[in-house]
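The values are calculated or read from the model by the stated rules, or taken from the named source; none is laboratory data. Because the structure is a prediction, the values reported are computed rather than measured. Note that we place each Cβ from the backbone using ideal geometry, even for glycine, and neighbour counts take in every protein chain shown. We work out accessible area using only protein heavy atoms, side chains counted, and drop any ligands, DNA or RNA first. Shrake-Rupley method; radii C 1.70, N 1.55, O 1.52, S 1.80 Å.
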Amino acid sequence: MSTDINKTIKGFSKLSKEQKIEWVTQNFAQHPKEALELLKSYWHNELSTQKLHDDFIENAITNYYLPFAVAPNFRINNKMYCIPLAIEESSVVAAAAKAANYWNVRGGFKTKVISTTKVGQVHFIWEGIDKNKFHSFFEKLIPEFHRRTELITKNMRQRGGGILNIELRDKTDLIPNYFQIHALFDTKDSMGANFINSVLEEFAKTLIDNLAEQTWETNEKQVQIVMSILSNYTPECLVRAEVSCPVKDLNEDNLSPDEFAQKFQRAVRIAEVEPHRAVTHNKGIMNGIDSVVIATGNDFRAIEACAHAYASRNGKYSSLTHCEVSDGIFTFYIEIPLALGTVGGITSLHPMVKFANEILGNPNAEELMQITAVTGLAQNFSALRSLTTTGIQKGHMKMHLLNILNQLGANEEEKADIVNYFKDKIVSYQSAVEAYNKIKRK
Ligand code: MEV
């Protein structure tokens, strides 16, 4: 494999934005002049707003737009919400809005935060031989861990959060000499990554400093810190959302309420027992969850990683939602870990994130967990409702029609005509192209 040495650069991050663009477009774009214009056309016309975005990350050269939509009519614990969603997939918002309307007249969504505990770990290697001695040494060190982190935890403690627990975990059965400081935290309304990581790094220093003072026999003080980092697996930062109504209220075209309830429950059951289906089922849930997470400026990678780990917690990948039908009552629910924040990060910086939180009534982290879980459940309800009745493509392709027409270069009038034409017809790529060509020929 040959490497084009002219396309490597030293000190790229030190270049001005214009210089970076120049270098990228000259070296990598097929049409540098057009590329330059494209990048500039995505700059915000307000200089200070653009600067804000440039400062979020390194090497920013322009902005990347996602549509920002809302799904109204979400009744959650009898309070009405209009939920912001940032997503590119055409049918997601329509599905959320449809489920919101459906459940608005059937009692709405009920939610509950089960727990809000976050986790952080210092991973280290200790080559000593007397584990008992080490355990009792560690126990005695716990007040010192608290004392040495007092400054870092002060504000958090004032807000009612802080360090909940610190314990030594012996992991030598996994890797020789491997131990952890496994700590639990309450980070209140912040996602808490910086807080947790700062505390953990101080724990690591505290461990080293105190071991250095020990007078144990030779080689009993060989500690090597491997890393100090929060865990994005937070099974105890858990929220539940559910919908429930008498089966007789599940009226569908061409299907009795009992048949619908049975088909729906079976579809959920398949996702509970069959990983291929479970992944797609959960992907649909994450369509809703990620959209809210992105709109509210949270870390969707952390949320995704945790959700899928949680879905595998019993040793096999399974559904995040569940359905019960008993005594004529249909209940559909989700339990999912969601470590979200409404303060810190970009929440007070990004203008659209601020707006998203504003229309949600500036929720605290627990309320946002509930809203987000509801959106995931709603999304899954709509997907399963379509899948078990009309099939998914009917709705999907209708929503996708505009993308196809934009790709073909249709103007607004042509788009309106073709959308109207497909009102009572099945959309496919081919049929859309044919309809477009027909209009063009006219
Ligand atoms: C598409 O983005 C999501 C679905 O595939 C989810 C599902 O199958 O449950 C429709």
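Restricting to segment 87-107, name every residue that is open to solvent by 10 Å² or more (accessible area, probe 1.4 Å) and of a type in the set (A, V, I, L, M, F, W, C).
Here is the first cut: in segment 87-107, the residues open to solvent by 10 Å² or more (accessible area, probe 1.4 Å) are 87-91, 93-95, 97-98, 101-102, 104-107.
Hits for segment 87-107 are ILE87, VAL93, ALA94, ALA95, ALA97, VAL105.
Of all residues in segment 60-104 being closer than 30 Å to LEU15 by Cα and out of contact with any Lys or Arg (no Cβ under 8 Å at 6 or more places or on another chain), which is farthest from the ligand (Cβ to nearest atom)? Looking at the filtered set, the residue picked out is ASN63.
Determine whether segment 212-230 contains at least one residue that is among the basic types (Lys, Arg), open to solvent by 10 Å² or more (accessible area, probe 1.4 Å) and under 34 Å from the mean Cα position of the chain (by Cα). Explain how you work it out, then say what you get.
If we filter segment 212-230 for residues that are among the basic types (Lys, Arg), which is where we start, we get 221.
The next check asks that each one be open to solvent by 10 Å² or more (accessible area, probe 1.4 Å); those that pass are 221.
Among the residues that remain, those that are also under 34 Å from the mean Cα position of the chain (by Cα) are: none.
There is no residue in segment 212-230 that is among the basic types (Lys, Arg), open to solvent by 10 Å² or more (accessible area, probe 1.4 Å) and under 34 Å from the mean Cα position of the chain (by Cα).
Of the residues LYS79, LYS110, the single one that is charged (D, E, K, R), modelled with pLDDT of 95 or more, surrounded by 16 or more Cβ atoms within 10 Å (Cβ to Cβ) and assigned by TED's automatic domain parsing to the domain that holds ILE336 is LYS110.
Within segment 231-281, the set of residues being within 16 Å of the ligand (Cβ to nearest atom) and in a loop (DSSP other than H, G, I, E, B) comprises just one member, GLU274. Among (1) loosely packed, with under 15 Cβ neighbours inside 10 Å; (2) assigned by TED's automatic domain parsing to the domain that holds GLY297; (3) small (Gly, Ala, Ser), there is one condition SER136 misses while meeting the rest; what is its number? (2) is the only condition that SER136 fails.
Give segment 367-394 a look and list any residue that's closer than 25 Å to ILE336 by Cβ, of a type outside the set (Ser, Thr, Tyr) and either surrounded by fewer than 19 Cβ atoms within 10 Å (Cβ to Cβ) or in contact with a Pro (Cβ under 7 Å, 6 or more places away or on another chain) (or both), or say none.
First, the residues of segment 367-394 that are closer than 25 Å to ILE336 by Cβ: 367-388, 392.
The next check asks that each one be of a type outside the set (Ser, Thr, Tyr); those that pass are 367-371, 373-374, 376-381, 383-385, 387, 392.
Selection gives ILE371, LEU387, ILE392.
The condition (being buried (at least 20 other Cβ atoms within 10 Å of the Cβ) and among the aromatic types (Phe, Trp, Tyr)) is satisfied by just one residue among PHE300, PHE264: PHE264.
Taken over segment 395-430, the criterion of being buried (at least 17 other Cβ atoms within 10 Å of the Cβ), at pLDDT 90 or above and small (Gly, Ala, Ser) is satisfied by ALA410 alone.
Inside segment 375-392, can you point out the residues that are part of a helix (DSSP H, G or I), hydrophobic (A, V, I, L, M, F, W, C) and within 11 Å of the ligand (Cβ to nearest atom)?
Pass one, segment 375-392, residues part of a helix (DSSP H, G or I): 375-388.
Now drop any that are not hydrophobic (A, V, I, L, M, F, W, C), which leaves 377-378, 381, 383-384, 387.
PHE381, ALA383, LEU384, LEU387 - these are the residues of segment 375-392 that are part of a helix (DSSP H, G or I), hydrophobic (A, V, I, L, M, F, W, C) and within 11 Å of the ligand (Cβ to nearest atom).
Restrict the check to segment 54-62 and report whether at least one residue is open to solvent by 40 Å² or more (accessible area, probe 1.4 Å), farther than 30 Å from ASN104 by Cβ and part of a helix (DSSP H, G or I). Yes: one or more hits.
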